Amino acid sequence: MQVKDFDFELPQELIAQTPLEDRDQSRLLVLDKETGDITHKRFYDIIDFFEVGDTLVLNDTRVMPARLFGVKEDTGANIEILLLKQVEGDRWETLCKPAKRVKQGTVIEFGDGLLKAKCIETLDEGGRIFEFIYDGIFYEVLDELGEMPLPPYITEKLDDQERYQTVYSKNVGSAAAPTAGLHFTQELLKKVEEKGINIAYITLHVGLGTFRPVTADTIDEHKMHAEYYQMTADTAKLLNDTREKNKRIITVGTTSTRTLETIAGKFDGTFQESSGWTDIFIYPGYEFKGIDSLITNFHLPKSTLVMMVSALAGRDPIMKAYHEAIKERYRFFSFGDAMFIR
């Protein structure tokens, strides 16, 4: 299958630059994956499409202030570091700009020496492994010195940093937000529970590779990035109970989907308490084992995320839905509108 099969033309002005004032006021395109029928709603209407006994799965990861600006200890040259994932202890995989100035052994200072980072390994495409040196608690230092790592297609300044966090974010570790969850408010989640829909939480720490377009010509040439996930025993039991009662498992976002499909794939379609790294690549032809329906945003052309939703609903219905969304002037990407594949 060719990567170009998942390309489409997106007008620049449809890329949402700022979030709406009210999270659940975003638009919602509902796609019936069996019939291909499309319905236009508002996000707060999504509760009408849930049924008693369904389970909604949310990713409770929290975005780190992962962008750091520092200087080389020896020359004073400006260096930008973006934390991607914790390798071990105080060692982190990062993206570095300008990478050519950072060799193995280079030391970067941040905040007048409050935090230091020593490069211990160079990777491809600007990647570097740094070991961080500091006093106190790393995440508290990061809160003081770091900035929120908004995607490169967002050029407007974000006034309220919490608008790039879900209202249920809890476990710090992501380099980007699980953006499908940004539409939920505490009030809407309360209504979901009051209707008799279960809410389950998993954790997957989102890496930036999630959002990158695929550069290979064919899908099978693409190598997926790995992301850390975790599922508790309580969540596993709730999901297994939902399956036994023939109710739907509805994931909020592709990150929740990756987690459930990884675990269900390991345990013959069931769920168990589990953690580890996943590099699962879901594209048309994949047989879903863990989920029934998906809430998601509108994604980048030729991205693995477009391929994933095409695996669930079919490439042609997804391309039709995307063209309909463009025609109807939906907002795209992280701060954009939502789709419910039911």
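The values are calculated or read from the model by the stated rules, or taken from the named source; none is laboratory data. All of these numbers come straight from a predicted model, not from anything done at the bench. Here the Cβ is made from the backbone with ideal geometry for all residues, glycine too, and neighbour counts use every protein chain on show. SASA here: full protein model, heavy atoms, side chains in, ligands and nucleic acids out. Shrake-Rupley method; radii C 1.70, N 1.55, O 1.52, S 1.80 Å.
For the reader, a short list of remarks on this structure follows.
- The residue pairs whose first member lies in the stretch 3-17 and is of a type in the set (Phe, Trp, Tyr), whose second member is surrounded by 14 or more Cβ atoms within 10 Å (Cβ to Cβ), and whose beta carbons are closer than 6 Å, counting only pairs six or more residues apart or on different chains, are Phe6/Lys302; Phe6/Val306; Phe6/Met307; Phe8/Pro301; Phe8/Tyr322.
- Subset of the stretch 297-342 (residues that are more than 19 Å from the chain's Cα centre (by Cα) and closer than 16 Å to Val252 by Cα): Ala313, Arg342
- Residue list for the stretch 92-101, restricted to those being crowded, with 16+ Cβ neighbours inside 10 Å and more than 17 Å from Val206 (Cα to Cα): Cys96, Ala99
- Residue under evaluation Asp143, criteria (1) open to solvent by 70 Å² or more (accessible area, probe 1.4 Å); (2) in contact with an Asp or Glu (Cβ under 7 Å, 6 or more places away or on another chain), criterion not met: (2)
- The criterion of at least 3 residues that are over 22 Å from the mean Cα position of the chain (by Cα) is met by the following helices (runs of 4 or more DSSP H) wholly inside the stretch 186-281: 186-194, 233-244.
- Single match in Gly196, Gly136 (criterion: surrounded by fewer than 16 Cβ atoms within 10 Å (Cβ to Cβ) and either in contact with a strand residue (DSSP E or B) (Cβ under 6 Å, 6 or more places away or on another chain) or not assigned by the TED database to the domain that holds Glu21 (or both)): Gly136
- Of all residues making up the stretch 10-50, the number that are of a type outside the set (D, E, K, R), in a loop (DSSP other than H, G, I, E, B) and more than 18 Å from Ala180 (Cα to Cα): 4
- Residue under evaluation Asn78, criteria (1) surrounded by fewer than 15 Cβ atoms within 10 Å (Cβ to Cβ); (2) closer than 30 Å to Ala216 by Cβ; (3) not aliphatic (A, V, I, L, M), criterion not met: (2)
- Residues of the stretch 5-17 that turn out to be open to solvent by 60 Å² or more (accessible area, probe 1.4 Å) and either within 21 Å of the chain's Cα centre (by Cα) or β-branched (Val, Ile, Thr) (or both), as a count: 1
- The stretch 297-314: number of residues that are surrounded by 24 or more Cβ atoms within 10 Å (Cβ to Cβ) and not in a helix (DSSP H, G or I): 3
- If you check Gln86, Gln2 for being surrounded by fewer than 20 Cβ atoms within 10 Å (Cβ to Cβ) and under 20 Å from the mean Cα position of the chain (by Cα), only one passes: Gln86.
- Matching residues in the stretch 32-54 - criterion: being surrounded by 14 or more Cβ atoms within 10 Å (Cβ to Cβ), of a type in the set (A, V, I, L, M) and more than 21 Å from the chain's Cα centre (by Cα): Ile38, Ile47
Matching residues to (1) open to solvent by less than 10 Å² (accessible area, probe 1.4 Å); (2) among the small types (Gly, Ala, Ser); (3) touching a residue at least 60 places away in the same chain (Cβ under 8 Å):
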| position | (1), (2), (3) |
| --- | --- |
| Val192 | yes, no, yes |
| Ala200 | yes, yes, yes |
| Lys223 | no, no, no |
| Thr242 | yes, no, yes |
| Lys245 | no, no, yes |
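- Residue in the stretch 157-165 that is under 22 Å from Gly276 (Cα atoms) and at pLDDT below 90 present: no
- In this structure, Leu158 does not qualify as outside any loop (DSSP other than H, G, I, E, B) and open to solvent by less than 70 Å² (accessible area, probe 1.4 Å).
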